[in-house]
Amino acid sequence: MKTVSRDWQSGKFLLTFEVEGDITRQLEGIREQRLSIVARRFRRKRSLDANAYYWQLLSRLAESAGISKNRAHNLMLRRYGQTETVDGRMIYVVVPDDDSGEEKALEAETYHIKPTSEVKQARDGAAFRTYIMLRGSSTYDTREMSELINGLVSECREMGIETMTPDQLAEMMALHEQH
């Protein structure tokens, strides 16, 4: 945002934004149209190198532990991931509180959930555990991805899996920060 001014007659604010590149063609397509524009705080996205390192290391962890990559990914998200929210409030779901419910949650690829200690009884007596919805790592910014990678690195080191040295990891994250 470059400037902010106020029309004293209408009381409305005028915001001026600076954009990169030539947008002449796009302007022709919206001339004389009403627009709805959303401005959000800029946050850096994670780098592809950091993402590739995460999945490479996760594959080694899964293989070493004898579990699927989906299960390993869900375990890492449960320990080091970010919650999904709507208007600042967490999203909760209920899942049958049995081995098959937990198994399905751990092997899920399209959603990620973390169990809580809260169990509810249905009218028929069946038990349902409350889970917290987690964001997929593809939505993470630099800081969030760094937390996830650092957690994974820590777990891999505990299992004797070779990882980048702390200096290499710091260098990768610094490059990631620059991008």
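Here are some notes:
- Here the gap between VAL95 and GLN33, fully extended at 0.36 nm per residue and compared with their Cα-Cα distance, gives a gain of 17.6 nm.
- Tail beyond 30 Å, pair distance distribution of the chain (Cα, percent): 43 percent
- This model, with +1 at the C-beta of Lys and Arg and -1 at the C-beta of Asp and Glu, gives segment 56-95 a dipole about its Cα centre of some 160 debye.
- Segment 4-43 - convex hull of alpha carbons, volume per residue in Å³: 123 Å³
- Around the Cα centre of the chain, unit charges on the Cβ atoms of Lys, Arg, Asp and Glu (plus for the first two, minus for the last two) sum to a dipole of about 780 debye.
- Compared with the dominant principal axis of the Cα atoms in the chain, helix 69-80 is inclined by about 70°.
- Electrostatic dipole magnitude of segment 87-179 [Cβ: Lys, Arg +1; Asp, Glu -1; Cα centre; debye, to 20]: 440 debye
- Over the chain, accessible surface divided per residue gives 72 Å², non-protein components excluded, 1.4 Å probe.
- Each residue, GLU162 and ASP124, gets one label point 7 Å from its Cα in the Cβ direction; the gap between the two is 5.4 nm.
- Percentage, to the nearest whole number, of Cα pairs in segment 61-133 over 19 Å apart: 39 percent
- Approximate shape of segment 1-102 as ellipsoid semi-axes (Cα gyration tensor, √5λ), whole Å, largest first: 46, 21, 13
- Using a probe radius of 1.4 angstrom, the carbon and sulfur fraction of the accessible surface of the chain is 50%.
- Peptide packing for 164-173, 55-64 was compared via the average number of neighbouring C-beta atoms within 10 Å per residue; ordered from the highest value, the list is 55-64, 164-173.
The values are calculated or read from the model by the stated rules, or taken from the named source; none is laboratory data. Please read all numbers here as calculations on a predicted model, not as lab measurements. Cβ coordinates were reconstructed from backbone atoms using ideal geometry, including for glycine residues, and neighbour counts include every protein chain displayed. Each accessible area value is taken on the protein alone, full model and side chains, heavy atoms only, with ligands, DNA and RNA left out. Shrake-Rupley method; radii C 1.70, N 1.55, O 1.52, S 1.80 Å.
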